[in-house]
Amino acid sequence: STLMRSSAASDVYKRQEWRINMNTNTTGRNNVFNVTRFTKLLLDIAFVCAIITWLALPALIHFYGNYSSFFARYFLVMWLLFASAGAFTISIIAELRKMFATVLADDCFVYSNVTSLRRMGLYAFLISGITCIRLFLYLSPAAIIVIITFFVAGMFSRVLAQVFEKAVSYKTENDLTI
């Protein structure tokens, strides 16, 4: 009987040790942490690329105007629409970068993330609305996809903000209890 309990306890210990080893690479650092840092790096690269693209918009629209007479004719309107949507996209990435900083600090359930999620939802709705305006000028299937995608992303961000708000209040309550 004692031998069976010892064997069972040993099996449990081995399973726990296996789980720990599966979550740790050869340097002893947590794989989840490495994935998070890699995602943060990708986000930083996307942020820089978005700013460069936003700054190059006039040249890009002018270049595309060589192939589309509509873009050449309505250069200023297209630039205003793309520049405003691009600014909100950069704002979304900036909010994501702020949120990732809290993840890396291992303190993600904070009210600043709730605020970031609400802002991202608003920015996504604004991008969707700006793209709707563009439909009246230049109808394309890609524009419809952008509208739907950013509308859903806005809804998702708003719902996630509410979930985070509850989590923050539970965490605060729990911290006060201890």
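Any residue in region 134-161 that is of a type in the set (D, E, K, R) sitting within a Cβ distance under 6 Å of a residue that is surrounded by 12 or more Cβ atoms within 10 Å (Cβ to Cβ) and assigned to a helix (DSSP H, G or I)? List the pairs, counting only those 6 or more apart or interchain.
Arg134/Leu81; Arg134/Ala143; Arg158/Gly121
Here are Ala142, Ala105: which of them is aliphatic (A, V, I, L, M) and modelled with pLDDT of 90 or more? I'd like the intermediate steps shown before the answer.
On the way: Ala105 fails: modelled with pLDDT of 90 or more.
So the residue among Ala142, Ala105 that is aliphatic (A, V, I, L, M) and modelled with pLDDT of 90 or more is Ala142.
Check region 52-67 and report whether any residue there is more than 22 Å from the chain's Cα centre (by Cα), at pLDDT 90 or above and polar (S, T, N, Q).
Yes.
List the pairs whose first member sits in region 120-132 and is touching a residue at least 40 places away in the same chain (Cβ under 8 Å), whose second member is open to solvent by less than 10 Å² (accessible area, probe 1.4 Å), and whose Cβ atoms are under 6 Å apart, counting only residues at least 6 apart or on separate chains?
Within 6 Å, the pairs are Gly121/Gly154; Thr131/Ala143.
Among the listed residues Arg158, Arg73, Arg119, identify the single one that is in contact with a Gly (Cβ under 9 Å, 6 or more places away or on another chain), modelled with pLDDT of 95 or more and among the basic types (Lys, Arg). Steps first, answer last, please.
Values: Arg73 fails: modelled with pLDDT of 95 or more; Arg119 fails: in contact with a Gly (Cβ under 9 Å, 6 or more places away or on another chain).
Every option except Arg158 fails the conditions.
Scan region 28-50 and report the pairs whose first residue is at pLDDT 80 or above and whose second residue is open to solvent by less than 90 Å² (accessible area, probe 1.4 Å) and not in a helix (DSSP H, G or I), with Cβ atoms within less than 8 Å and a gap of 6+ or a chain change.
Asn34/Asn25
The values are calculated or read from the model by the stated rules, or taken from the named source; none is laboratory data. Treat the numbers as computed from the prediction; the structure is a model and nothing was measured. Don't worry about glycine lacking a Cβ; one is built from the backbone with ideal geometry, like all the others, and counts go over all protein chains shown. Ligands, DNA and RNA are stripped out before the accessible areas are found, and what is left, the full protein with its side chains, is counted by its heavy atoms. Shrake-Rupley method; radii C 1.70, N 1.55, O 1.52, S 1.80 Å.
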